[in-house]
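To start, the structure itself, in structure tokens.
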Amino acid sequence: MSTNYIQLNTGAHMPLIGLGTWKSRRDSVGLAVEYSLTEAGYRHIDCAAIYGNEKEIGEAFNNVFKNGKVGREDVFITSKLWNTQHEPNRVLSACKQTLSDLQLDYLDLYLMHWGVAVPHNLGSEPVDDNGLIISAPVSIQQTWQAMEELVGEGLVRAIGVANFTTMMLYDLLSYARIKPAVNQIELHPYNQQKGLISFCQSKNVAVTAYSPLGSPGNHPNEKHLLDDIVFQEFAQKYHKTPAQIALRWGMQRNTIIIPKSTHPERIKENISVFDFELSSQEIETISKLDKRHRYVDPSEWWGIPYFE
Ligand code: A2P
């Protein structure tokens, strides 16, 4: 890897490794963010309104930026618009709320978190008596156009999407005045989505891998990918950990990776992946592990086969 960033279609540089904050508890996320920025060398933090911890992250940003150890301009910060805020007249206020919580003047990247709109007044993930998501009559196009306005207002430097399938992107690209800079999707050795990655990259849409470690800890009863013998073997060979092998593999696919941790030693471990390189044969071996296994599948909680 000759660089530690990907150049977006806006020209901005997005660091290849960011700290993920999904499921980071409010009482530990602040220290994790501060440690990442001031001790571990991270320059990219991935946030979202729905994670419920942006206020605590904002305190951490304030602490770091005010003492000048790291400048705001040196850090790439992403947040995401939740499904309840898709109505065009809510997009601006949702973005302003996130900026206020994060104590920032601008975001480097603002993503539409999912391609579904739900009413704003029924809770964050409303479902009906049959367990089906309650939708709101707002198209992705309407929401996207409101997000484009945020760029014009200087509140965000780039906009993008998350959890978009090929056909959702295909449609979006037909009308987008501002092309999405990024599609953030679930990617790890057990869910490789090669076709979607190559479609995005062919359209100059960068790809961010969420759950790049396969979210160990969130699925304690399943055999985990990091326990796969392949990762153990490569880890031994390179004097690295299985997690570092999985992350390095993600980077060598030209995807941005955002491993989440609130433990300093793991935060450090997860960014210490620039001093070795997997061979093309090793990449190929990991490619064969694909099971199309999703750890994040809304059919379980919204009752719709979102990815089918
Ligand atoms: P913790 O936050 O307690 O360190 P993903 O980013 O794929 O969703 O994975 C996040 C999960 O993986 C969290 O449960 C996190 O736990 C754990 N984790 C993060 N880094 C490592 C690592 N280097 N080795 C093992 N588990 C890790």
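The values are calculated or read from the model by the stated rules, or taken from the named source; none is laboratory data. Given the structure is predicted, the values throughout are model-derived calculations rather than measurements. Here the Cβ positions follow ideal geometry from the backbone for every residue, glycine too, while neighbour counts run over all protein chains shown. Note: accessible area is taken over every heavy atom of the protein model, side chains too, but ligands, DNA and RNA are not part of it. Shrake-Rupley method; radii C 1.70, N 1.55, O 1.52, S 1.80 Å.
What residues have an amide H closer than 5 Å to that of residue 208, excluding those fewer than 5 places away on the same chain, when H is modeled at 1.01 Å from N in the peptide plane?
Excluding prolines and chain starts, which carry no amide H, the hits are 183, 184, 185, 256.
Can you list residues whose amide H is under 5 Å from residue 134's amide H, if they're 5+ apart or on another chain and H is modeled 1.01 Å from N?
Sorted by chain and number, the residues that satisfy this are 127, 128.
Kirkwood Rh and Cα-based Rg: tell me the resulting Rg over Rh for the stretch 1-100, rounded to two decimals. It would help to have the intermediate numbers written out before the result.
Numbers: Rg = 14.2 Å, Rh = 14.5 Å.
For the stretch 1-100, the value is 0.98.
Roughly what would the spin-label model give for residue 166 and residue 73, points 7 Å off Cα along C-beta, in nm?
With each label placed 7 Å out from Cα toward Cβ, I get 4.2 nm.
Looking at the chain, send over the antiparallel percent of its DSSP beta bridges, to the nearest 5.
Numbers: 5 of 29 bridges.
Around 15 percent antiparallel, to the nearest 5.
Could you let me know the centre-to-centre spacing of the stretch 1-71 and the stretch 74-139, using Cα atoms, in angstrom?
So the two Cα centres are separated by 20 Å.
Compute the distance in nm between two label points, each set 7 Å from the Cα along the Cα-to-Cβ direction, one at residue 301 and one at residue 3.
For residue 301 paired with residue 3, the spin-label model returns 3.5 nm.
How big is the gap, in Å, between the Cα center of the stretch 265-301 and the Cα center of the stretch 225-263?
Cα centroid to Cα centroid, the span is 6 Å.
Just the number, please: percent antiparallel of the DSSP beta bridges in the stretch 99-251, rounded to the nearest 5.
15
Among 53, 204, 221, whose mean-square fluctuation peaks in a Gaussian network model of the chain (Cα, cutoff 10 Å)?
Sorting by GNM fluctuation, first place goes to 221.
From the backbone phi of the stretch 64-81, what are the Karplus-calculated ³J(HN,Hα) couplings (6.51 cos²θ - 1.76 cosθ + 1.60, θ = phi - 60°) in whole Hz, Gly and Pro given as x?
Karplus-based 3J(HN,Hα) across the stretch 64-81 equals 6, 6, 6, 8, x, 4, 9, x, 4, 5, 8, 10, 9, 10, 10, 9, 9, 7 Hz.
Give me the accessible area of residue 263, 1.4 Å probe, in Å² rounded to the nearest 10.
Rounded to the nearest 10, the figure is 90 Å².
Let's test the formula: R0 of 41 Å, r as the Cβ-Cβ distance of residue 194 and residue 62. What FRET efficiency results, to the nearest 0.05?
Using R0 = 41 Å, I get an efficiency of 0.50.
Which length gain, in nm to one decimal place, applies between residue 274 and residue 105 when the Cα-Cα distance is subtracted from 0.36 nm times their residue separation?
Numbers: separation 169, 0.36 × 169 = 60.84 nm, distance 3.14 nm.
Difference between extended and current length: 57.7 nm.
Taking only protein heavy atoms into account and a 1.4 Å probe, give the accessible area per residue of the stretch 182-308 in Å².
Details: 5890 Å² over 127 residues.
With the other protein chains kept in place, the stretch 182-308 gives 46 Å² per residue.
Label the stretch 163-308 by shape, choosing from rounded, prolate and oblate, from the square roots a ≥ b ≥ c of the eigenvalues of the Cα gyration tensor; if a/c is under 1.5 it is rounded, and otherwise prolate applies when a/b is larger than b/c, oblate when it is not. It would help to have the intermediate numbers written out before the result.
Values: a/c = 1.88, a/b = 1.48, b/c = 1.27.
Note, shape of the stretch 163-308 comes out prolate.
Cα-Cα pairs above 33 Å in the chain: how many percent?
Values: 9882 of 47278 pairs.
For the chain, the share of Cα pairs beyond 33 Å comes to 21 percent.
Using just the Cα positions, wrap the stretch 124-174 in a convex hull and report its mean projected area in square nanometres, one decimal place.
On the way: hull surface 19.7 nm².
For the stretch 124-174, averaging the hull's shadow over all directions gives 4.9 nm².
Rounded to the nearest 0.05, what FRET efficiency do residue 233 and residue 25 give with R0 = 41 Å and r taken as the Cβ-Cβ distance? Could you check? The partial results should precede the final answer.
Values: r = 34 Å, r/R0 = 0.82.
Computed FRET efficiency for residue 233 and residue 25 comes out at 0.75.
Under a GNM of the chain (C-alpha, springs under 10 Å), which listed residue has the highest mean-square fluctuation: 218, 183, 163?
218
Relative to the present Cα-Cα distance, how much length would full extension add between residue 263 and residue 122 at 0.36 nm per residue of separation? Walk me through the intermediate numbers first.
Numbers: separation 141, 0.36 × 141 = 50.76 nm, distance 3.49 nm.
Result for the pair: 47.3 nm of gain on full extension.
Determine which lysines satisfy two conditions relative to residue 66: a Cα distance under 19 Å, and not lying fewer than 8 residues away in the same chain.
Those lysines meeting the cut-off are 55.
Taking N as the number of residues in the stretch 196-275, what is its Cα Rg relative to 2.2 N^0.38 Å? Walk me through the intermediate numbers first.
Details: Rg = 13.4 Å, N = 80, 2.2 N^0.38 = 11.6 Å.
Against the empirical 2.2 N^0.38 Å value, I get 1.15 for the stretch 196-275.
Could you work out the Kirkwood radius for the stretch 63-197, taking every pair of different alpha carbons, averaging 1/r and inverting it, reported in Å? Before the final figure, lay out the partial values.
Details: mean 1/r = 0.0621 Å⁻¹.
So the Kirkwood estimate lands at 16.1 Å.
Suppose we keep just the DSSP beta bridges with both residues in the stretch 1-95; what percent of those would be antiparallel, to 5?
Working: 3 of 8 bridges.
Of the beta bridges lying entirely in the stretch 1-95, close to 40 percent run antiparallel.
Mean separation of Cα pairs under 8 Å and 6+ residues apart, divided by the residue count of the chain: what relative contact order is that in percent? Display every interim value, and only then the final one.
Values: 545 pairs, mean separation 58.7, N = 308.
The value is 19 percent.
What accessible surface, in Å², does a 1.4 Å probe find on residue 297, ignoring ligands, DNA and RNA and rounding to the nearest 10?
About 40 Å², ignoring ligands and nucleic acids.
Can you list the HN-Hα couplings for the stretch 53-61, worked out from phi with the Karplus curve (6.51, -1.76, 1.60; θ = phi - 60°), rounded to whole Hz and with x for Gly and Pro?
10, 5, 5, 5, 5, x, 4, 5, 4
Running a GNM on the chain with Cα contacts under 10 Å, which residue among 284, 56, 87 ends up with the highest mean-square fluctuation?
Of 284, 56, 87, the most mobile in the Gaussian network model is 284.
In nm, what is the difference between 0.36 nm times the number of residues separating residue 151 and residue 89 and their Cα-Cα distance? Present the calculation step by step, with values, prior to reporting the outcome.
Numbers: separation 62, 0.36 × 62 = 22.32 nm, distance 1.54 nm.
Extra length available between residue 151 and residue 89 comes to 20.8 nm.
Residue 155's amide H: which non-local residues (gap 5+, or another chain) put their own amide H closer than 5 Å, with H modeled 1.01 Å from N in plane and none for Pro or chain starts?
none
Treat each spin label as a single point 7 Å out from the Cα along the C-beta direction, and report the residue 204 to residue 96 distance in nm.
Result for the modelled spin labels: 3.3 nm.
Residue by residue, what Karplus-based ³J(HN,Hα) values in Hz, rounded to whole numbers, does the stretch 104-109 have, using 6.51, -1.76 and 1.60 with θ = phi - 60° and x for Gly and Pro?
Per residue, the Karplus-derived 3J(HN,Hα) values read 10, 8, 8, 9, 6, 7 Hz.
Round to the nearest 0.05 the FRET efficiency obtained for residue 219 and residue 55 when R0 = 25 Å and r is the Cβ-Cβ distance.
Details: r = 28 Å, r/R0 = 1.12.
So the FRET efficiency works out to roughly 0.35.
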